[in-house]
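To start, the structure itself, in structure tokens.
Coordinate-derived values only; no laboratory data. For clarity, every value in this text was computed on a predicted model and none was experimentally measured. Positions of Cβ are generated from backbone atoms using ideal geometry, with glycine treated the same way; all protein chains shown enter the neighbour counts.
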Amino acid sequence: MKTKLEEIKALIKTKLESIVDDNGNSIFGDIFDYPNGDFKNYPVAVILNTGIAGEGLDTGRNKRTFHLVVNLYQEQSKSGRNNEEADGIMTKTADMIIEAFDTDPDLGGEVINVSVVEATFDFKVTAGTFNFATFKIDCDVVVNNYL
């Protein structure tokens with residue numbers, strides 16, 4: 001069982017890397033497990049940790065919940081994807097992300113539970129036009145209490 005933040009982020013990245021299209025190719029242009037805004041290939045997934053919560057289960061074990069987000073970005077431009085194509089990519093990718101976690105609720109037995117607890121979608125014009133989504137993911141683990 002994985003119990004460290006570094007290990008949990010790696011599990012999430014591995015799960016995202018396993019999501020492939022009908023031809024066996026990754027659905028992502030890039031996946032980063034650290035803050036990054038320099039995107040070249042779309043859609044892009046960026047995994048960030050947002051916090052950790054915990055509680056004592058008994059005198060020997062603690063339950064720890066790792067809170068992470070996966071930020072998903074898809075460019076939209078005259079030279080790239082048009083509005084409809086970008087929205088279609090985001091919708092299909094979102095469905096595949098949710099399904100990947102729904103069908104592997106313990107990340108291959110490495111955590112007690114993983115769940116997509118919330119997803120939000122938006123559209124912004126900044127230094128380009130992007131569709132983006134944020135998936136809030138919680139991973140529960142049990143760790144030994146070393147007191």
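The set of residues from region 72-81 being in contact with a strand residue (DSSP E or B) (Cβ under 7 Å, 6 or more places away or on another chain) and either surrounded by fewer than 17 Cβ atoms within 10 Å (Cβ to Cβ) or without any contact (Cβ under 8 Å) to a residue 12 or more places away in the chain (or both) comprises just one member, S77. Residues of region 1-49 that are over 24 Å from G88 (Cα atoms), among the acidic types (D, E) and in contact with a strand residue (DSSP E or B) (Cβ under 6 Å, 6 or more places away or on another chain): D33 alone.
Would you mind telling me which numbered condition in (1) in contact with an Asp or Glu (Cβ under 9 Å, 6 or more places away or on another chain); (2) part of a loop (DSSP other than H, G, I, E, B) K15 fails? The single condition K15 does not satisfy is (2).
Matching residues to (1) in contact with a Gly (Cβ under 9 Å, 6 or more places away or on another chain); (2) aliphatic (A, V, I, L, M); (3) loosely packed, with under 14 Cβ neighbours inside 10 Å; (4) over 18 Å from D140 (Cβ atoms):
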| residue | (1), (2), (3), (4) |
| --- | --- |
| L16 | no, yes, no, yes |
| D33 | no, no, no, yes |
| I47 | no, yes, no, no |
| E55 | no, no, yes, no |
| K63 | yes, no, no, no |
| H67 | yes, no, no, no |
| E84 | no, no, yes, yes |
| I112 | no, yes, no, no |
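Within region 46-95, if we keep just the residues that are acidic (D, E) and outside any loop (DSSP other than H, G, I, E, B), the residue that is nearest to F121 (Cα to Cα) turns out to be D87.
If you go through region 96-147 and keep only what is over 28 Å from G60 (Cβ atoms), outside any helix (DSSP H, G or I), small (G, A, S) and in contact (Cβ under 8 Å) with a residue 12 or more places away in the chain, you end up with A119, G128, A133.
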